[in-house]
Amino acid sequence: MVKFLNRWTLAVFIICLLFIAPAFLGTYLTTLFFITFMFISLSLSYDIMGGITGYLNFGHCTFFGIGAYTFGILYLSEFNLLLCFIAPVLVVMVYAALISIPLFRIRGVYFCLASIGLVKLIEQLTLNLSDLTGGAAGMSVPTGQQLYPAYYMGATLAILAFFINYKILRSKFGLALTSIREDEEVALSFGINTYRYKALALILSSAIAAFMGEVYIFYVTYTIPSDVFGIERVFSPVIMALLGGTGTLFGPVIGAISITVLQEILWSKLPYLHLTAYGIIFALVGLYMPGGILREPKVRVVLGRIAKVLGHFPKGDHEK
């Protein structure tokens, strides 16, 4: 029986299980699963730049926030619902292409600082353009809290983000991004157009985050600038990817699930420690587990055994 249980049959089984799950889950668990899908999508999309390419992008939440607000503006303007979902992704991709020109002239800590600066810039624009965004009062989008459509869209996007990262890790494109992460000067000397690859990576990651932002506001129906551009949204995808293991396929997924469960426990038991947990995890990972969960020796041994049963994982998930 084991020989028939390859990674593809397992993947199909898990996908089918996820799509029939709402029939058996209550509203609370369905909502929790949706939040998990959202974090998985954001963590995986962040990791294209932050893990595979090696550029720590604290501005990833701007794609999420712009996607959410653009959807809301179009929806309130009574545009077709399909256009409301397509247009914001295109807007964010153009935005990512434009900011890539100045951003990729700098590296390291200066890139991190510039990306944080972009978050505050977009947040202030959202506050000041109150005629469009509602400003500090927030934006209300009366879609009717469509939990189940949002669940299925969130699940589909999380699966798509996982598949995109899987293909990147096994492609020449991913090899070019990894070479940039390891030594950008050497990559340049070998004829790799580093700006082109970095820009493509940023645009791809922005599209996933933008669509997730649309699905988020489609479900919650209301947002304010501090919700989509706040410190929690800035750090959550970064910490999730770091916790699971950046530059790996399953690392951001494990990190997203772990943080979601921890958040839910803290919200119910110790709500005031909700944000404090991010700082504690950040510090502990940096001190004791800098490679993330998937690069811990015992975890790598277990994954190596699983890989023998289910087939070959992309290099970097169980042996790097």
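The values are calculated or read from the model by the stated rules, or taken from the named source; none is laboratory data. A quick note: this is a predicted structure, and the numbers were derived from the prediction, not measured. With ideal geometry, Cβ positions are generated from the backbone for all residues, glycine too; neighbour counts draw on all protein chains shown.
General remarks:
- Any hit, the stretch 159-169, residues being at pLDDT below 95 and not in a helix (DSSP H, G or I): no
- Inspection of the stretch 284-295 identifies at least one residue that is in contact with a Phe, Trp or Tyr (Cβ under 7 Å, 6 or more places away or on another chain) and among the hydrophobic types (A, V, I, L, M, F, W, C).
- Entry remark, the stretch 105-133: residues being over 18 Å from Phe235 (Cβ atoms), in contact (Cβ under 8 Å) with a residue 12 or more places away in the chain and not charged (D, E, K, R) number 4 in total.
- Ala68 falls short on exactly one of the conditions (1) in contact with a Pro (Cβ under 9 Å, 6 or more places away or on another chain); (2) of a type outside the set (Lys, Arg); (3) farther than 20 Å from Thr223 by Cα, and that condition is (3).
- Residues that are surrounded by fewer than 18 Cβ atoms within 10 Å (Cβ to Cβ), within 25 Å of the chain's Cα centre (by Cα) and assigned to a helix (DSSP H, G or I) within the stretch 127-140 comprise just one, Leu127.
- Contact map, the stretch 140-162: first residue free of Cβ contacts under 8 Å to residues at least 24 places away in the same chain, second residue buried (at least 18 other Cβ atoms within 10 Å of the Cβ), Cβ cut-off under 9 Å, separation 6 or more or different chains; pairs are Thr156/Phe37.
- For the stretch 141-169, filtering for residues that are surrounded by 20 or more Cβ atoms within 10 Å (Cβ to Cβ) and under 18 Å from Leu32 (Cβ atoms) leaves 7.
- Residue match in the stretch 65-87 (condition: at positive phi and either among the polar types (S, T, N, Q) or touching a residue at least 40 places away in the same chain (Cβ under 8 Å) (or both)): no
- Criterion (surrounded by fewer than 22 Cβ atoms within 10 Å (Cβ to Cβ), at pLDDT below 95 and under 18 Å from the mean Cα position of the chain (by Cα)) met by exactly one of Phe33, Phe24: Phe33
- When we screen Val89, Val109 for residues that are under 14 Å from Ala207 (Cβ atoms) and part of a helix (DSSP H, G or I), the only hit is Val89.
- For the residues Val238, Val215, Val186, the requirement of being free of Cβ contacts under 8 Å to residues at least 12 places away in the same chain and assigned to a helix (DSSP H, G or I) singles out Val186.
- Within the stretch 180-196, the only residue that satisfies the criterion of being closer than 15 Å to Gly51 by Cα and either crowded, with 19+ Cβ neighbours inside 10 Å or in contact with a Phe, Trp or Tyr (Cβ under 6 Å, 6 or more places away or on another chain) (or both) is Ile180.
- Residues in the stretch 170-183 that are assigned to a helix (DSSP H, G or I) and in contact (Cβ under 8 Å) with a residue 12 or more places away in the chain: Phe173, Gly174, Ala176, Leu177, Thr178, Ser179, Ile180, Arg181, Glu182.
- From the options Ala256, Ala283, residue that is loosely packed, with under 11 Cβ neighbours inside 10 Å, in a helix (DSSP H, G or I), out of contact with any His (no Cβ under 9 Å at 6 or more places or on another chain) and at pLDDT 75 or above: Ala283
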